[in-house]
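Data block below; observations after.
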Ligand code: DAT
Ligand code: MG
């Protein structure tokens, strides 16, 4: 069954110039882009997006980082899109992510791991509404 997921190329990915690389991997996998926009997040939007992590010690740093420069937000669609993109992204910590995954190939530190992908259908619906209210 087709589903949608929210993908971000975070500010480190934009700065590193790997937006095209990430899109290319999404397309090669067979997933489709249904929305794409460069966005510079407000603190408020960043805190809403990462609300589940509000109690974590790294929350402040995470919000600082994600609001530090523009990111590329996308809605990606296809069969099993949520899991399929999480697999393309690799493990959260880039040094544990498999070589061949986006994080495994392009990142070194957990705080700058290039991409975000929704982790469940509920998260995807919630996150898509934050970044693309017109699709919600
Ligand atoms: P993911 O992005 O793989 O879904 P997550 O939801 O657990 O991972 O965390 C969200 C982001 O927060 C993650 O991409 C990077 C950052 N992060 C997670 N754990 C961290 C930690 N221990 N120290 C610093 N940043 C962390
Ligand atoms: Mg997550």
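Before moving on, here are some points about what is shown:
- Relative exposure of 28, 15, judged by other C-beta atoms within 10 Å (fewest first): 28, 15
- Spherically averaged projected area of segment 2-131 from its Cα convex hull (nm²): 7.0 nm²
- Computed over segment 25-85: relative contact order in percent, which uses C-alpha pairs under 8 Å that are six or more apart: 54 percent
- Using C-alpha pairs under 8 Å with a sequence gap of at least 6, the mean separation divided by the residue count of the chain gives a relative contact order of 36 percent.
Values in this text are rule-based calculations from the coordinates and carry no lab data. Predicted, not measured: the structure shown is a model, and the values here were computed from it. Because the Cβ atoms are built from the backbone with ideal geometry, glycine has one as well, and the counts that use them run over all protein chains shown.
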